[in-house]
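Asker: Below is the structure I would like to discuss, written out as structure tokens.
Every number here is computed from the coordinates shown, using simple stated rules; none is lab data. Since the model is a prediction, treat every value here as computed from it, not as a measurement. In this analysis, Cβ positions are derived from the backbone assuming ideal geometry, glycine residues included, and neighbour counts consider all displayed protein chains.
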Amino acid sequence: MKTPEISNEAVQAKTQKTWDEWFAILDNAGGRGMGHKEIVAVLNNNYEISAWWQQSVTVAYEKARGMRQKHEMVDGYQVSKSITLDAPLEMVFTAWVDDLTRAKWLENPDLTIRKSTPNKSIRITWDTPRSTVEVYFYSKGERSQVTLNHSKLPDQVQAEKMKAYWANQLEKMKAYLEN
């Protein structure tokens, strides 16, 4: 059984039940034979916990019972990566939206920028595999932080591949911008 990422103490403090108690409740409700939405409905209809905790308990249960793989979400697989750079926010944002600048650090970009909000966020359609990339930018004074979510990936193998890809590419961006 996979250990939940949220501590037993934290879940009990917020929901008045431990992981073992939640898992027993969901087992007794037939959770192993239910889909994600059905498990959430059991929690929503029978327990007074917030929507966030309903989702968290459901995902932890699915992982613990082998019903959900690493990086798996309801609509595919998702990976995340973030990096802090010694570069101004405007420069970091430009490194993403300017085609010529992006080509200096990003290998094999197969993307279409659908929407961008200057110095805040970018929403991208990644073509191979067809998926979604959301990039968020945060000012940290003289530094900047980039947080990236790549979602709607088709399987765990592709998710692991893209997680490694983004770790490598963000390090290349860091080297390019900090030199």
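Asker: Show me, bin by bin at 5 Å from 0, the whole-percent P(r) of segment 21-76 based on Cα pairs.
Answerer: Final binned percentages: 4, 21, 37, 25, 11, 2.
Asker: Bin width 5 Å, alpha-carbon pairs only: give the P(r) of the chain as whole percents, running from 0 to the bin holding the largest distance.
Answerer: P(r) for the chain, in whole percents per bin: 1, 8, 15, 16, 14, 11, 11, 10, 8, 4, 1, 0.
Asker: A follow-up question, please. In segment 120-179, what chymotrypsin sites (Phe, Trp or Tyr not before Pro) fall in a loop by DSSP, with at most 14 other Cβ atoms inside 10 Å?
Answerer: Working: sites: 126, 136, 137, 138, 165, 166, 176; in loops: none.
Of the chymotrypsin sites (Phe, Trp or Tyr not before Pro), not one in the loops of segment 120-179 has a Cβ with at most 14 other Cβ atoms within 10 Å.
Asker: Report the Cα-based extents of segment 73-178 along its three principal axes, largest first, to the nearest Å.
Answerer: Computed over the Cα atoms, the extents are 38, 24, 22 Å.
Asker: Relative to the Cα centre, what is the charge dipole magnitude of segment 1-99, using +1 at the beta carbon of each Lys and Arg, -1 at the beta carbon of each Asp and Glu, and rounding to the nearest 20 debye?
Answerer: 520
Asker: Here's something else I'd like to know. Considering only C-alpha atoms, what is the centroid distance from segment 1-54 to segment 123-179, in Å?
Answerer: Cα centres, segment 1-54 to segment 123-179: 31 Å.
Asker: On to the next question. Would you kindly state the longest site-free stretch of the chain, with sites defined as trypsin sites (Lys or Arg not before Pro) in a DSSP loop (not H, G, I, E, B) surrounded by at most 14 other Cβ atoms within 10 Å? Write down the numbers at each step before the final one.
Answerer: Working: sites that count: 2, 70, 104, 120, 130.
So the longest stretch without any such site is 3-69.
Asker: Out of residues 5 or more away from residue 73 or on other chains, whose amide H comes under 5 Å of its own, with H placed 1.01 Å from N in the peptide plane?
Answerer: 78
Asker: Cut-off 10 angstrom, C-alpha nodes, Gaussian network model of the chain. Which of 158, 169, 12 fluctuates the most?
Answerer: Most flexible of the set in this elastic network: 12.
Asker: Per residue Cα convex hull volume for segment 72-133, in cubic angstrom? Provide the component values of the computation, followed by the final result.
Answerer: Values: hull volume 6.6 nm³, N = 62.
Taking only Cα atoms, segment 72-133 has a hull volume of 107 Å³ per residue.
Asker: With n ≥ 4 as the cut-off for DSSP H runs, can you work out [θ] at 222 nm for the chain, using -39500 (n - 2.57) per run divided by the number of residues, rounded to the nearest 500?
Answerer: It comes out at -13500 deg cm²/dmol, rounded to the nearest 500.
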